[in-house]
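Structure first, then comments.
The values are calculated or read from the model by the stated rules, or taken from the named source; none is laboratory data. Please read all numbers here as calculations on a predicted model, not as lab measurements. Cβ placement follows ideal geometry from the backbone for every residue including glycine, while neighbour counts extend to all protein chains displayed. The accessibility values were calculated without ligands, DNA or RNA, using every heavy atom of the protein model including side chains. Shrake-Rupley method; radii C 1.70, N 1.55, O 1.52, S 1.80 Å.
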Amino acid sequence: MNINELRKEIDTIDDELVRLFERRMKTAASIAEYKKENGLPVSDRERERQVINKVTSKVAPEFSEYARVLYQTVFDVSCSYQRSLNSKKSNLVETIEKVTAETPKERINRAV
């Protein structure tokens, strides 16, 4: 294979990874809702260890450490997203977001 064919294969794989990532994040949103309703913490280190052990046992030994890093990163992103879904914004943050979304003319009119 030449470099263009190899890159095309990577692009195909990336398309699938993005689709799976979005699916995983949507499921993480459902998990965040469950955890909030049941008073559970966002992070579950034991569950993360179990998943990492399972994943690393399924890849070739030369990829094991890379799989560990990949999944730790996925957990970090997922937990961050879950926290963002479960935290209520303060009035200050909501005000700042509202003001920064306004056009300069809207800000002037509101101030007058």
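What to note about this one:
- Calculated FRET value between ARG24 and LYS98, using beta carbons and R₀ = 35 Å, to 0.05: 0.65
- Helical segments meeting 24 Å axial Cα length and Kyte-Doolittle -0.5 threshold in the chain (DSSP H): 64-86
- When the solvent-accessible area of the chain is split by element, carbon and sulfur atoms take up 57 percent of it, the probe being 1.4 Å.
- Solvent exposure of GLU22, expressed as accessible area, is near 100 Å², computed with a probe of 1.4 Å over the protein chains only.
- Estimated inter-spin distance, ASN86 and ILE13, nm [label 7 Å along Cα→Cβ]: 3.4
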